[in-house]
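Input: a single structure, listed below in structure tokens.
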Amino acid sequence: MAAAPLSLRTQIREELSCSICLDLFTRPKVLPCQDTFCQDCLQDHAGRGGTFQCPNCRQQVRLPRQGVAGLPDNRIVANMSERFQQQATLSVDTREQPQSRNRCSFHPTEEVRLYCKQCKVPVCHECLDESHGEHSTMSLRKAIQQHRGPVQALINEGRGILETYCSFIRGLREEERRLDDQKEQADNKIDEAYRQACDQIIQKLTEEKDKLLSEVETNHRQNKGAVQGQKDVVWADVAELSSVCDGAEQDMDGEGGQFLSHEPKLAEVVGRFRHKTLPNPLQTHPAVFQPKVRVELVCTLGDVTVPGAAPSATTKTICNQTQFGRCGSEPGQFNWPLGLTEGEGEIFVADLENLRIQVFTLQGTFIRQFPTVVSSGEKMYPDDVAMDGEGNLWAVGRVVMSVVGSVLRRAVGIGRDDREFAVQYNKQGSVLRQIELQTGWNRGVAVDTRRNHILITQTTGDWRRHGEVLVFRPDGTLVKTVGQPQGMEYPLYITMDEEGNILVTDYDNHCVYMYNEDGRFLFQFGGKGSGEGQMNGPLGICTDRTGNIIVVDSWNCRVEMFDKTGRFLRHITTDMKSPWAVAMAPHGQLMVTDTKEHTVTIFKHI
């Protein structure tokens, strides 16, 4: 039994020792990684630098403005270290005191010979007379004999409990080491994955550079060859004409009339060149210096996972883009993603055929989902979504009353027994209120947060369509209609810019209409075609912070940017399969749904 206390004391001392100085903690400071060190040891280790690595787990630590002294104190460790030091000092003092007779601590001249059974303390005769006279006593020797066993049992039990606690602390320390090792392995895997990613990008760019240089060299060689060939032809003519002129001119001053012999040849050559024209200038094709490579790279991190990411979702980074989703019904997958919007750092996507709205982070990580239902509990196929000023979501769509597929219904406009709604949900998907709409075609929704109005596009008619924008209050009261005099045929998506202007895409008229906040027509732009500024079936629309207008040009498979006057600026992307809807995040990220790829693409900078 004698070795156990020493072992426990050693273990406790190890737990309360700094791993730098290997001594008991002095003014212990705790790092963000939860490792603890003496303040002076950290000061020596960190120096004056703003950042340093934790000596244990190697995690980067940024010092506060006050330096090491500004790090949090580990008060529990400080108190335990101080108590351990006091106990160690007391033990040393006790061992160093000379052995003496058993004297009373209250009466040093008296020897302790009795034991007070009531107070359970050894006493001398003076103590007995002063305080314990009425108490039952026994001899100290007999008390020692009676209590030695129980006290030793309590000591053994206490030592056992201490061993349990120390064992638990050792387990926690092992868990700390395991977590540190796990983090280091994850860091290494990420570093290796991105190193490989960079190598692949560099390799692809190098290959593209070599290809472009080869193309430029071939083009240059062909152009130079053509120019040289034309030079050779012209130089031959120059040589012939120069030769006859030089020969005749040299004999012009002679008295013997030698130049006369040159006249026939001169007349023949000059006559031949008199009506001969020079070749047309070469139309060379300049060398193209424009990288064509589109580096697509999905970094595989082995078993490194991101907490909260949906296991079925596919997220990949393509240079300036982040793309997530694929066809399916699992969380993070889509079946015809249509409209989308952003609110407080979350992306809300109308997942049409899965009859739900899915919510993601701006990095493409799946967060949650909820079914699109009306107040009666019937499921609704959602066309579009928009965020209001109170952080609630408005979705528009239809409740299908028969078994005909919803995509077919939308394509041919059948299903007059269906019902259409605008439904307000909170962010968790609870129905707050709804507005029943006239049955028609696909529609879009936007919210005028200044006036708390809900703007919804509506199209009626079969082969001759009529379009308009309905403006409601949240309680369903119709305020006004917009757009009838301009002959809108199939208005689909709608948005409002920073100035409160209303912008609507017309799928059939291949243009965009703009109205002021009161509904007065301002202008329209676009027109059917594939040239710059033209459109073929425009769908989604949004604006950026500067007022530029972004439009999905669906049949041309591109997304275009116009200024606030409708003047074409540029193409944002031209290689999506079937772009559908767009939305803008607060920091300039553009989000685009693709109904063929069943994805959402985020352009980080446009």
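General remarks:
- Complete set of residues in the range 421-473 that are touching a helix residue (DSSP H, G or I) at 6+ places or on another chain (Cβ under 9 Å) and without any contact (Cβ under 8 Å) to a residue 24 or more places away in the chain: His466, Glu468
- If you check Gly483, Gly500, Gly529 for being under 24 Å from Gly397 (Cβ atoms) and in the same structural domain as Leu432 (by TED's automatic domain parsing), only one passes: Gly483.
- Put simply, of Ala186, Ala193, Ala197 the only residue that is aliphatic (A, V, I, L, M) and closer than 18 Å to Cys54 by Cβ is Ala186.
- The single condition among (1) modelled with pLDDT of 95 or more; (2) closer than 23 Å to Lys528 by Cβ that Pro491 does not meet is (1).
- Test: residue in the range 551-566 that is surrounded by fewer than 16 Cβ atoms within 10 Å (Cβ to Cβ) and of a type in the set (Lys, Arg): no
Yes/no per residue for (1) modelled with pLDDT of 60 or more; (2) part of a loop (DSSP other than H, G, I, E, B):
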residue: Glu240; (1), (2): yes, no
residue: Asp246; (1), (2): yes, no
residue: Pro279; (1), (2): yes, yes
residue: Ala287; (1), (2): no, yes
residue: Leu301; (1), (2): no, yes
residue: Pro307; (1), (2): no, yes
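Each row is one residue, and each column tells you yes or no for (1) on the phi < 0 side of the Ramachandran plot; (2) more than 60 Å from the chain's Cα centre (by Cα); (3) among the small types (Gly, Ala, Ser); (4) surrounded by 10 or more Cβ atoms within 10 Å (Cβ to Cβ).
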| site | (1), (2), (3), (4) |
| --- | --- |
| His135 | yes, yes, no, yes |
| Met138 | yes, yes, no, yes |
| Lys142 | yes, yes, no, yes |
| Gly158 | yes, no, yes, yes |
| Leu162 | yes, no, no, yes |
| Ile169 | yes, no, no, yes |
| Glu176 | yes, no, no, yes |
| Gln185 | yes, no, no, yes |
| Lys189 | yes, no, no, yes |
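- Checking each residue in the range 259-276 for being out of contact with any helix residue (DSSP H, G or I) (no Cβ under 8 Å at 6 or more places or on another chain) and at pLDDT below 80 picks out Leu260, Ser261, His275.
- Selected residue (criterion: surrounded by the most Cβ atoms within 10 Å (Cβ to Cβ)) from residues of the range 20-62 that are outside any loop (DSSP other than H, G, I, E, B) and among the charged types (D, E, K, R): Lys29
- In this structure, Arg173 does satisfy being assigned to a helix (DSSP H, G or I) and at pLDDT below 85.
- Every residue from the range 484-522 that is out of contact with any Lys or Arg (no Cβ under 8 Å at 6 or more places or on another chain) and aromatic (Phe, Trp, Tyr): Tyr493, Tyr507, Tyr513, Tyr515, Phe521
- Taking the conditions (1) assigned by TED's automatic domain parsing to the domain that holds Gln434; (2) crowded, with 22+ Cβ neighbours inside 10 Å in turn, Val373 satisfies each one other than (2).
- The range 496-543 - residue that is among the aromatic types (Phe, Trp, Tyr) and in a strand (DSSP E or B) and, of those, surrounded by the fewest Cβ atoms within 10 Å (Cβ to Cβ): Phe523
- When the range 549-606 is filtered for residues that are touching a residue at least 60 places away in the same chain (Cβ under 8 Å) and more than 21 Å from the chain's Cα centre (by Cα), the ones remaining, listed by number, are Lys564, Asp575, Trp580, Thr595.
- Tabulated pairs, the range 132-156, first part of a strand (DSSP E or B), second aliphatic (A, V, I, L, M), C-beta under 8 angstrom, 6+ apart or interchain: Thr137/Leu114; Thr137/Val123; Thr137/Leu128; Met138/Leu114; Ser139/Leu114
- Single residue of the range 114-133 satisfying the filter (under 17 Å from Val151 (Cβ atoms) and not hydrophobic (A, V, I, L, M, F, W, C)) that is nearest to the chain's Cα centre (by Cα): Lys120
The values are calculated or read from the model by the stated rules, or taken from the named source; none is laboratory data. Treat the numbers as computed from the prediction; the structure is a model and nothing was measured. Note that we place each Cβ from the backbone using ideal geometry, even for glycine, and neighbour counts take in every protein chain shown.
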